[in-house]
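Here is the structure we will look at.
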Amino acid sequence: MTQSLRISIAAATLALAGCGGGDAPQPPSVQFPQNANLWAALGGDAAAPAAVRKVVADAVNGLLADPMEAPYFSKVVANTSGDSSQHDTPARLEACLTLQFSALLGGPYSYPGPVSVPQDTANPQPEMCQDMASAHADVGVPGCVFDQFITDLSSVLSTDLMASGFTQAQVGGVLGQIAPTLVGLKTTIVSPQPTYFAPNSAASCAP
């Protein structure tokens with residue numbers, strides 16, 4: 001074996017070691033370890049993913065049915081092309097929200113991150129979700145619309161969690177634990193120059 005070949009093999013071995021190649025898989029990243037108790041309460045890795053998918057599906061259905069919120073997602077609803085390169089498809093929106101809430105509720109995930117969206121046949125998989133500021137940069141969300149979504153989401157969480165056996169007190173504990181993070185997203189989602197679609201208006205959205 002030549003000296004140059006030995007050096008090449010050694011360099012490749014070091015590179016693999018540095019990125020974990022040949023070793024046991026690295027543990028998944030947990031963005032909100034302080035919420036691990038919520039993930040466990042939802043049933044852990046065995047049951048929590050399905051619970052989160054239901055919450056997200058119900059929240060998205062509610063969002064698209066709410067007259068205050070729905071106009072801001074009209075381009076998403078209209079995108080049936082299977083291509084999310086310009087605007088989210090409904091499937092991508094739901095997949096990214098599922099990842100976000102799986103992370104927020106203490107699961108072994110981080111957001112933003114990759115998601116698989118088989119319905120997006122025009123896009124390579126997996127797709128990378130955007131951070132909240134980038135995802136809403138051209139949406140023009142007013143503060144009152146964000147507040148309405150948080151209200152609706154809280155209602156969906158309460159309904160779905162209680163249907164799965166949580167008590168009212170436990171639901172309150174979950175909401176209290178994740179509320180600071182959710183409310184903290186307001187500054188990244190609400191636009192400094194909002195667009196007002198009826199029934200929203202500058203007057204009705206005034207603090």
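Rounded to the nearest angstrom and listed largest first, the equivalent-ellipsoid semi-axes of the chain from its Cα gyration tensor are 37, 24, 16. What residue among V183, V55, V77 has the largest mean-square fluctuation in a Gaussian network model of the chain, using Cα springs under 10 Å? Between V183, V55, V77, it is V183 that shows the largest mean-square fluctuation. 3J(HN,Hα) along the range 186-203, derived from phi through the Karplus expression 6.51 cos²θ - 1.76 cosθ + 1.60 where θ = phi - 60°, amounts to 4, 5, 8, 9, 6, 7, x, 10, x, 9, 10, 9, 4, x, 7, 8, 4, 5 Hz, with x in place of Gly and Pro. Protein heavy-atom accessible surface, 1.4 Å probe, per residue over the range 48-207: 49 Å².
What's the magnitude of the charge dipole for the chain around its Cα centre, counting Lys and Arg as +1 and Asp and Glu as -1 at the beta-carbon? Answer in Debye, nearest 20.
Values: 6 positive and 15 negative charges, 76 e Å.
Charge dipole of the chain: 360 debye, to the nearest 20.
Which of A41, A91, A122 moves the most in a Gaussian network model of the chain with Cα springs under 10 Å? Highest fluctuation of the listed residues: A122.
Quick one: angle between helix 168-184 and the longest Cα principal axis of the chain, in degrees between 0 and 90, rounded to 10, please. The angle comes out near 80 degrees.
The share of accessible area on the chain that comes from carbon and sulfur is 63 percent, using a 1.4 angstrom probe.
The values are calculated or read from the model by the stated rules, or taken from the named source; none is laboratory data. Please read all numbers here as calculations on a predicted model, not as lab measurements. Here the Cβ is made from the backbone with ideal geometry for all residues, glycine too, and neighbour counts use every protein chain on show. The area values use the complete protein model at the heavy-atom level, side chains included, leaving out ligands, DNA and RNA. Shrake-Rupley method; radii C 1.70, N 1.55, O 1.52, S 1.80 Å.
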